[in-house]
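Below is one structure, written out as C-alpha cells; the observations come after it.
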2 protein chains.
Amino acid sequence: MGSHEQTTLVTQNQLFYGTFIYPKTLTDLEYLYNTAVAVDQNGTIVAIERDCDLSQATDTLLPRLGWAADSVTIHSSSASHNQFFFPGFIDTHLHAPQYPNVGIFGKSTLLDWLETYTFPLEASLSDPVKARTVYNRVIRKTLSHGTTCAAYYATKDVTTTNLLADLCLRAGQRALVGRVCMDQLSPDYYRDASAADSVAATRESIAYIQSIDPTGSIVRPVITPRFAPSCSAPLMADLGKLAAETGLPVQTHISENEGEIDLVRELFPAKEIGAKGDSYTHVYDTFGLLTDKTILAHGVHLSEEEVEIIKARGSKVSHCPCSNSAITSGAARVRWLLERGVEVGLGTDMSGGYSPSVLEAARQAALVSRHVAMGCAPADAKDSKVVNKDGIDRERAKLTVEEVLYLATKGGAELVGMKGKVGGFEVGMEWDAQLIGLGRDVADGEYEAQDEEEGNVDVFGWESWPDRVAKWVYNGDDRNTRKVWVKGRLVHERK
Amino acid sequence: MGSHEQTTLVTQNQLFYGTFIYPKTLTDLEYLYNTAVAVDQNGTIVAIERDCDLSQATDTLLPRLGWAADSVTIHSSSASHNQFFFPGFIDTHLHAPQYPNVGIFGKSTLLDWLETYTFPLEASLSDPVKARTVYNRVIRKTLSHGTTCAAYYATKDVTTTNLLADLCLRAGQRALVGRVCMDQLSPDYYRDASAADSVAATRESIAYIQSIDPTGSIVRPVITPRFAPSCSAPLMADLGKLAAETGLPVQTHISENEGEIDLVRELFPAKEIGAKGDSYTHVYDTFGLLTDKTILAHGVHLSEEEVEIIKARGSKVSHCPCSNSAITSGAARVRWLLERGVEVGLGTDMSGGYSPSVLEAARQAALVSRHVAMGCAPADAKDSKVVNKDGIDRERAKLTVEEVLYLATKGGAELVGMKGKVGGFEVGMEWDAQLIGLGRDVADGEYEAQDEEEGNVDVFGWESWPDRVAKWVYNGDDRNTRKVWVKGRLVHERK
C-alpha cells in the first residue's frame, strides 16, 4: 500500500458556526459563543468572526474571503444538544500493537508486565493479517475518542510498522510512527540481532514513511529506542547520531518504575559510558537522545538534577496517569514538571494504560495529581520542607479541569512538534477538532429513555459552561465525540 | 403517590441460560458455562443445572420443578456477543439530591465543598417538581449502570425523601432511603431546628416508607445522621436510641478528611460526651450509632484502635474511591480493613464522587489500592515497619479485578443487610442480576463500524474469560449492561 491510497484532500471551504472552547493558556479556557470559523480547503483556519449570527457570517465573512456561498459546507454546533467544538486530542504516547491487551495486567509491575503480557503480543504482530486487524482497530478506536494525532510505538518489525503508517495515512489520523529498537535484555524471539541491524531497520522504515507522505503533514517517522534497558550503548549512540543527522523526533521511556531505574544504573555505570552523572537522564543525554524533539514517557521518579537537564535540552514529558496507576509505577509530579519549565502532554500508554481515551487520561491526570497532593503538606504547614520534597504545597499540586484539557491538546501539540499549528482555534492554525455533544437537557418530570444514547453526561440546563465542561471531563466518553476532523477532513462521525 | 403504584410483581417463572459469573469468595470468581438457572415467580433462584444444553434444561429441569414449558420465559446469554450474567451492583453510599453536581467540585475539599456546592443544591430539592426530575434521573441512571440496590441519602425534607422512596419502589430498584439529620454547623437555610424536630421528621419518614413497602423487600428506611459535625450530641444520642428501638439500619460518614477529623475532636471532647477515647469512632460509639447494621462511609484515616471498635460492633465500611480521590480526602487502605475483619462495600458517593457507576468505583478501587501500594515498602524491605504503618507490603495492598468485583456485589450485600440473599447465583438467593455484553469479537480485516454501539470494550476472540472480565472492569460502561433484573423483575433494558 502506498501514497496513492491517501484519501483525497479536502476540496471545499468550510464554515463552522456556534460554540467553540479551547485552551487559551495552561490555566484558562477560551469560550467563544455565536462565532464563525472559516476553514479553507487546505484545512487551515483563515478567519474567525465573533458575536455574529450565522446569516451575518455568511453574508459578510464569505464575500470578504471571496468564497461563493454555495461552495462552502456549513457545520453548526447544536445548542439544544449542548454541543461545542473543541480541539482534537493528542495522544503523546501509546503502543499500537499492545491494544488487544488493554485492561489485562493483573498485579504486575513494569518489568514482569513486559515479559508476561507485552513481548509475546508485540512479537505476534509481525503477522501482517493480525497487524492489520489490530492497527485498524486502534486507529478507528482512538479517532472515535477524539484523538487527532498520536505518537505510536509499533514493533521491531519493519513491514508491519510501515503498514501502521499506511493505515494512519489512509484513515487521516496524524501520527508519529516509530519502529521499535531493542537489541538486548529482551527475549530471543523478540530482539534485534545487533545495533547495526536495528539502525538499518530503522532507516528502512523512516525512508518508507517519508515516501508515502513526503511533506509529513499526516504521518512522520520517529526514532524509537524502546527504553535504555533494552538498548545497548552502541545502539543508543547510533540512534543519537541518526537523530542529529536527520533532525527527526525521538521517543522513548524514562524513569517509569523504581526497579527499572535500578536496572539502568546497573547496566550503564557513568564511568563506563562516560556520563557526567549516574542518573537515567544522564544515560540518554550521553548518547545524544535528548533533543528538543524528544518525547520522554512517564518521568515519574525524576530528580531535580534530571529535570534541569531535560529542560536545558528542550525535551518534553508525556504523562501517562492511567498506566502509572495501573501497573503501580508511581504518581508523576506534573505540577513540579510544569513549574520547572518542562513541556508536558498526556499519553494513554496503551496497554500499560487501560484506556484508548485521552479524555480518560485527562480525568486520571486530575485524580493522580490529587494523590500527589495527599503526599504534600498544606501551604501553612510548619514542616513543609520535609513533606514537600519538590517545594509544592497541597493545593498547588492539584491540576484543574482547565489544566488537564490543556495537557490533552495544546500541551500535547508541543510534544509532537505542532506548537501553534493545532490545539486551539486561531487564524493560521489547522482544523484538528472534535464536535462534542453532551445531549439534551434532562427534561422536567419523567425520565427520557432515548437520551441514553447521547452518553453518560447529564446536563440539567442550569449549569454554566465551565461546569458543563467539568461534567464532560468527569463523565464523558466516546459517545460525546460526535464528529472528528483532521486538517479539515472529517475522519470520524458518530451516527 | 403510594404503594398502589408499585409495579406488578413477576408473575411468570423464568429460566436463564448460558454463562454466569459471580464472586464465590473475595479472591475468586465462579464461572459457570452452559448452565441453566431457574427463577420462580417470586424472583428466587430455585434450581441450577450445570453443563447442560438448553433443550436438556427445558426437558428435564422444568418437569422436575413442575413448570409447564409454555409458562416459562427463557433468557439466554449470547455467546457471539460475549454475554454473561453477573450479579447486580450494590451502591452502598450515594446522595441522590447531589446528582446534578456530578463532576463539579473544582479544587475543593470536603468542608468547603459542602458549603459551596452541596448544601445549596440539597436545600433546593425540597421543591417536589425539581426533586422528581432529579430523583427519577438518578434512579434510571444508576439502574442503567447495573445498580440493583442503593443506599441513598436524601435531604432533610420529609416530603421529597418519601418521594424518593416512592420512585425507587415504582422503578423496582432496591433502596435504603434515609432522611438526613443535621441540627448544627450547617447553613441557616438548611438545618433542623432542633434535635427533637430532627428525630420527629425521621420517624415520620420511617413510618411512610414502611407503609408503602411493609415487608421492606424493595425499599426500607435507614437512620441517617449526616455526619458528626452537623449533629448535636443530643441528636446523635436520640438517633442511637431510635436505632436500638427500631432495629433499623444506620448510615453516616466517618473519617473522610483530616480537617473533618480535627473538627470532630474539637466539637466532641471525650470528657464532655463521656467517650472512652477521643477518636471519631468513639463519638459514634458513645451515642450507640455503631451497630451491626451501620454503614460507615469512607473510613480513610481510621486508626488501629478505631478499626477494632468498628469490627467489635459489626459495623461496615463503604469505600468510595472516586470521591476520596476527587475531593482529595485520602486513599483508604482497603486491604487493611479487610484483613482486620471489617466488611467492605463500594459507594459511588455522588457527588463527592463524579460517577453514577459502581463499575467505575470498582475500577478506581483497584487504582487507588495501587496508590496505597506505592506508599508501602516491598515485602523484602528492611525498614518495612517504618514504611508500612499497617504492616501491609506493596504487593498485598493491591486489589485484584476479582476482589473489586466482590466488593461491588457480595461485599455490598453484607452492608445493606442482604448477605446470602443477593450478590451471587445460588439456590435460595434472589435474582438481582445484570446481563453483560461485551459485543462481537473484533473481525479480521477491516474495522466494523457498527460494533461501536456495543461499547468501549474490544474482544479479539483469543482472550480467556478472566481476561474478558478484566477488559470489562477497565473499559466497560453502561453500554455493556444490556438488561437488569431486581427480584426477578426486568427493571432496565438497553435496546
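The values are calculated or read from the model by the stated rules, or taken from the named source; none is laboratory data. Every value quoted in this text rests on a predicted model; they were computed, and no experiment measured them. Here Cβ is always computed from backbone atoms with ideal geometry, including for glycine, and neighbour counts include all displayed protein chains. The area values use the complete protein model at the heavy-atom level, side chains included, leaving out ligands, DNA and RNA. Shrake-Rupley method; radii C 1.70, N 1.55, O 1.52, S 1.80 Å.
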Cβ charges +1 (Lys, Arg) and -1 (Asp, Glu), total dipole of chain B, debye: 660 debye
Which of A:Gly353, A:Leu239, A:Leu65, positive extreme of dipole for chain A (C-beta unit charges): A:Leu239
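How much length would be gained if the chain were fully extended between B:Tyr31 and B:Ala381, taking 0.36 nm per residue of separation minus their Cα-Cα distance, in nm to one decimal?
Details: separation 350, 0.36 × 350 = 126.00 nm, distance 3.72 nm.
Here the segment from B:Tyr31 to B:Ala381 would lengthen by 122.3 nm.
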For the range A:309-411, size of Cβ-based charge dipole, Lys and Arg +1, Asp and Glu -1, in debye: 260 debye
Interface residues, the range A:94-129 - accessible area loss of 40 Å² or more versus chain alone, probe 1.4 Å: A:Pro100, A:Gly103, A:Ile104, A:Lys107
Nearby lysines by direct alpha-carbon distance to A:Lys130 (threshold 17 angstrom, same-chain neighbours under 8 apart not counted): A:Lys141, A:Lys156
Charge dipole of the range A:89-415 about the Cα centre (unit charges at C-beta), most positive-ward option of A:Trp113, A:Val342, A:Ser194: A:Val342
Derived scalar couplings ³J(HN,Hα) [the range A:108-115; Karplus, 6.51 cos²θ - 1.76 cosθ + 1.60; whole Hz; x for Gly, Pro]: 6, 10, 2, 5, 6, 4, 4, 5
Kirkwood hydrodynamic radius of the protein assembly as shown, Cα pairs, Å: 29.4 Å
Nonlocal amide H pairs with A:Glu30, under 5 Å, H built at 1.01 Å: A:Tyr22, A:Lys24
Unit charges at the beta carbon, dipole of chain B: most positive-side option, B:Val264, B:Gly439, B:Ser464: B:Val264
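Just counting partner chain Cβ atoms within 10 Å, what average do the residues of peptide A:472-485 show around their Cβ?
Values: counts 1, 2, 11, 8, 1, 6, 5, 7, 0, 0, 0, 0, 0, 0.
The shielding value for this peptide is 3.
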Nearby lysines by direct alpha-carbon distance to A:Lys389 (threshold 20 angstrom, same-chain neighbours under 8 apart not counted): A:Lys311, A:Lys398
Within 10 Å of each Cβ in B:431-443, the average number of Cβ atoms from other chains: 1
Segment A:Lys421-A:Ser78, length gained on full extension (0.36 nm per residue, minus Cα span): 120.8 nm
Helical segments meeting 18 Å axial Cα length and Kyte-Doolittle 0.0 threshold in chain A (DSSP H): A:158-171, A:195-212, A:233-246, A:358-374
Solvent-free Debye scattering, log10 I(q)/I(0), computed from the Cα coordinates of the range B:89-415 at q = 0.07, 0.14, 0.15 Å⁻¹: -0.25, -1.06, -1.23
Flagged links, alpha-carbon separation over 19 Å, of A:Lys24/A:Lys421; A:Lys419/A:Lys487; A:Lys241/A:Lys419: A:Lys241/A:Lys419
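For the range B:141-261, what is the relative contact order in percent, using Cα pairs closer than 8 Å and at least 6 residues apart in sequence?
On the way: 193 pairs, mean separation 29.8, N = 121.
Relative contact order for the range B:141-261 comes out at 25 percent.
Express the accessible area of the range A:44-156 per residue in Å², computed with a 1.4 Å probe while the remaining protein chains stay in the model. Don't skip to the answer; put the middle values down first.
Details: 3530 Å² over 113 residues.
Here the per-residue accessible area is 31 Å².
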A:Ala270-A:Asp59 pseudo-label distance in nm [points 7 Å out on the Cα-to-Cβ vector]: 7.2 nm
Fraction of accessible area attributable to carbon and sulfur, chain A (%, probe 1.4 Å): 50 percent
Viscosity 0.692 mPa s, temperature 37 °C, Stokes-Einstein D of the range A:35-124 from Kirkwood C-alpha radius, µm²/s: 185 µm²/s
Between the range B:278-330 and the range B:207-269, the Cα center-to-center distance that results, in Å: 13 Å
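Can you give me the relative contact order of chain B as a percent, contacts being Cα pairs under 8 Å and 6 or more apart?
Numbers: 1121 pairs, mean separation 92.8, N = 495.
The normalised contact order for chain B reaches 19 percent.
Summing -39500 (n - 2.57) over the DSSP H runs of n ≥ 4 in the protein assembly as shown and dividing by its residue number, what mean residue ellipticity at 222 nm do you reach, to the nearest 500 deg cm²/dmol?
Working: 38 runs with 332 residues, N = 990.
Computed ellipticity for the protein assembly as shown at 222 nm equals -9500 deg cm²/dmol.
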Heavy atoms of A:Met374: accessible area, 1.4 Å probe, square angstrom to 10: 50 Å²
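Counting partner chain Cβ atoms within 10 Å of every residue's Cβ in B:389-401, what's the average?
Details: counts 0, 0, 0, 0, 0, 2, 3, 1, 2, 5, 1, 2, 5.
Per residue, the average neighbour count from other chains is 2.
Is there a quick way to get the dipole size of the protein assembly as shown? I mean about its Cα centre, with the Cβ of Lys and Arg at +1 and of Asp and Glu at -1; what is the value in debye to the nearest 20? Provide the component values of the computation, followed by the final result.
On the way: 98 positive and 132 negative charges, 13 e Å.
That gives a dipole near 60 debye.
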Residue-wise HN-Hα coupling along the range B:329-338, computed from phi with Karplus coefficients 6.51, -1.76, 1.60 (Hz; x: Gly, Pro): 7, x, 10, 5, 8, 5, 4, 4, 4, 5
By average C-beta atoms within 10 angstrom, highest first, the peptides A:407-414, B:458-465: A:407-414, B:458-465
